[in-house]
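Down below is the structure, laid out as structure tokens.
The values are calculated or read from the model by the stated rules, or taken from the named source; none is laboratory data. On a predicted model such as this, the values are computed, not experimentally measured, just so you know. Positions of Cβ are backbone-derived with ideal geometry, glycine not excepted, and every protein chain shown enters the neighbour counts.
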Amino acid sequence: MFCPECGNEEEPDSVFCSRCGADLSSVAEKAEAGKGQEKEPAAAGGGRAVVVLVGIVALLVVALIVVVLVFTVFKSDGNGSDDGKATGTRAEDGEQSSNAGDEKTTRPSAGSETVTTSLGFALTYPTGWEYADSEEEGWVELRPRNAPEFCNLAINSYKPFPPGETLGDIAVGEQRAAEASGRTVKRTDTTIGGGPAVILFETYAGESGVPFKTMLALTMNGGEIYRFEYVSVTDDYDRYAGDVTEMLGSVRFTD
């Protein structure tokens, strides 16, 4: 502090000025009071700083809560959409898995149609197949709608030659001819249209080297041989083979 009389600087606890002897007690009291006033604003300022800090923290907490809520809502909506899509996908997958199941069970489409052919028998085929009947040429053909070019079931009938030739004789002749041309042949005995039948499963390479598979089913009715030949590129054979098997099982002779 300073002496009010001579301006000499004194210690804060000085009672008299060391230069002029002036009484400094009142000056010391004022100095102490001033310090207290300075401390109070400082304390008040510190309190305000704490309040501001608490307010900022509160705002940050509220903002964080809002962000979390918004994220949760959008996530729920997103999941709902995804679920919807997933459901849609599952619905599509239902069709695809139906198709995939169809590929396993080799049934490319749901539903079926029954037709009486010009060859004297009725047959049920999947709606995913196209049916063609040429009465003049004596054959029936079925083809999967979405199948490649080399995939079809051709059916024809003919009188055994020489007369009296049995189903077994014809099957043996077909098998020997196939094996002579280098085809691998597997034979299975079954029934078609309520009568005995023979199925020859053949694998071979086409002219361009493309691998093929054939299911040749032979049966006899009313003195005629019925020849059901399913041919397909190897990659697509299994996809439709089950359909062909079901069609053969649905044959009912009308003559």
I need a count of the residues in the stretch 212-255 that are part of a helix (DSSP H, G or I), within 19 Å of T124 (Cα to Cα) and of a type in the set (F, W, Y). 1
Qualifying residues in the stretch 154-197 (those that are of a type in the set (A, V, I, L, M) and surrounded by fewer than 15 Cβ atoms within 10 Å (Cβ to Cβ)) - the one farthest from E229 (Cα to Cα): A180
I'd like the full set of residues that are in a helix (DSSP H, G or I) and either within 16 Å of S232 (Cβ to Cβ) or free of Cβ contacts under 8 Å to residues at least 40 places away in the same chain (or both), limited to the stretch 167-211. G168, D169, V172, G173, Q175, R176, A177, A178, E179, A180
Only one residue in A86, A58, A49 is modelled with pLDDT under 75 and more than 30 Å from the chain's Cα centre (by Cα), so which one is that? A49
Is at least one residue of the stretch 145-156 within 30 Å of D235 (Cα to Cα), assigned by TED's automatic domain parsing to the domain that holds A132, among the charged types (D, E, K, R) and in contact with a strand residue (DSSP E or B) (Cβ under 6 Å, 6 or more places away or on another chain)? yes
List the number of the failed condition for V115; all other conditions in (1) within 15 Å of M247 (Cα to Cα); (2) of a type outside the set (D, E, K, R); (3) at pLDDT below 50 hold. (3)
